[in-house]
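Heads up, the thing below is written out as structure tokens.
The values are calculated or read from the model by the stated rules, or taken from the named source; none is laboratory data. As the structure is a computational prediction, the values presented were derived from the model and not from experiment. Cβ placement follows ideal geometry from the backbone for every residue including glycine, while neighbour counts extend to all protein chains displayed.
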Amino acid sequence: MISITVSLASCTARTEPVRKTASETIPVKTIPLEQINSTAAVSVSGQFTTDDEVMLSFKTTGIIDRIYVKEGDAIRKGQLLATLNLTEINAGLQQARLAFEKAARDHQRLINLFNDSVATLEQVQNAKTAMDLASQQLNTVQFNRRYSEIRAEANGFVLRKLANEGQQVSSGSAVFQTNGAGSGQWILRSGVTDKQWAAIKTGDAAEVGIASAGGLTVAGKVTRKSEAADPASGLFNIDVTVAANHPGKIASGMFGNGVITTGAGNNKGKNQPDGWSVPYEALLDGDGSTGYVFVTSDNKTANRVKVTISGVEKDHVVISRGLENAGALIISGSAYLTDHSPIIIQ
């Protein structure tokens, strides 16, 4: 009986320090929570262009007979810009018509002979096939005849004239470069670095400076991001579409500059932060999108809170949610803490 009492007393003596350790305050270090705003301004420069520039050419090979416009001329949709010498083309068209007419006569003649039991069904069918082939050949020549002249695809301007009258050009060789500047949809195309490309989002607002308008700036927005770098420059192309009501005149190739406002902050309230900057050592159990940190609001108790990770930078982690009601962030001593542990600030 005596030995059991001693044994229980001994157990009590060993467990009592453990309860005392659990209630001890743990020294920690804290830092104020730093709100960050991901909104940033990216300066860009480039040349004005349109998204409908097109190289116009003849469908057939031939000698240019007439060119009706010069570089810089305004053009209307459907306007005749140039024609080939049609002597050879018209001769080919006439040959195709004659061949079709002959095939049609032969087919009709064989139908009559077949009705008189003189020609066979096979002969009639062969004549029908020959007539159909001649018809398709005629359609091909007529199509080539129609595209032996160049007409404007849209209202705009002639940017470049790449051939002259009397010059022989092959099928598909560019004769004009035009754009649809008449619609007023001008684009500032700029090259940016990979870091700037990652920060810029389609739809980001921009202010674009127009040199031809005395340095005035007009509103614009990012409408396109290239998905690959330009092999020549190593930069990524960004298109900023300028508002249609821009003052002054813009010409293709003219230099311009702009400032793009990037970041999710464009869509947030004025007093709402985009997130908090947290040192790596303060983040616990991170799995890529979520993690845990210890914070304190009264400098006496540690609280373990779950946070949402929105980005990882070189020397810190960006937290987008979870720290709205926190007072200070615990950055040292976290390994010894549990939720609601008493702490002392060092």
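Things to note:
- Test: residue in segment 235-255 that is buried (at least 16 other Cβ atoms within 10 Å of the Cβ) and closer than 30 Å to residue 61 by Cβ: yes
- Matching entry among 60, 49 (being touching a Leu at 6+ places or on another chain (Cβ under 9 Å) and either modelled with pLDDT under 90 or of a type in the set (Gly, Ala, Ser) (or both)): 49
- Restricting segment 109-135 to residues that are within 60 Å of the chain's Cα centre (by Cα) and not hydrophobic (A, V, I, L, M, F, W, C), the residue that is farthest from residue 94 (Cα to Cα): 122
- Residues satisfying the stated conditions in segment 290-300, i.e. surrounded by fewer than 16 Cβ atoms within 10 Å (Cβ to Cβ) and either in contact with a strand residue (DSSP E or B) (Cβ under 6 Å, 6 or more places away or on another chain) or part of a strand (DSSP E or B) (or both): 290, 299
- Residues of segment 285-299 that turn out to be farther than 15 Å from residue 29 by Cβ and touching a residue at least 40 places away in the same chain (Cβ under 8 Å), as a count: 0
- Pair list, Cβ < 7 Å and 6+ apart or interchain, from segment 305-334 residues that are closer than 23 Å to residue 25 by Cα to residues that are part of a strand (DSSP E or B) and basic (Lys, Arg): 331/29; 332/29; 333/29
- Screening segment 96-129 for residues that are out of contact with any His (no Cβ under 9 Å at 6 or more places or on another chain) and charged (D, E, K, R) and picking the one that is farthest from residue 144 (Cα to Cα) gives 116.
- Restricting attention to segment 306-317, the residues that are out of contact with any helix residue (DSSP H, G or I) (no Cβ under 8 Å at 6 or more places or on another chain), part of a strand (DSSP E or B) and either among the basic types (Lys, Arg) or crowded, with 16+ Cβ neighbours inside 10 Å (or both) total 4.
- Looking only at segment 104-155, residues that are under 30 Å from residue 177 (Cα atoms), outside any loop (DSSP other than H, G, I, E, B) and out of contact with any Gly (no Cβ under 6 Å at 6 or more places or on another chain) come to 9 in all.
- Cβ separations smaller than 7 Å between residues 6+ apart or across chains give the following pairs from segment 62-75 residues that are in a loop (DSSP other than H, G, I, E, B) to residues that are surrounded by fewer than 19 Cβ atoms within 10 Å (Cβ to Cβ) and at pLDDT below 90: 71/160.
- Of the residues in segment 318-338, at least one is small (Gly, Ala, Ser), modelled with pLDDT of 85 or more, touching a helix residue (DSSP H, G or I) at 6+ places or on another chain (Cβ under 8 Å) and over 25 Å from residue 195 (Cα atoms).
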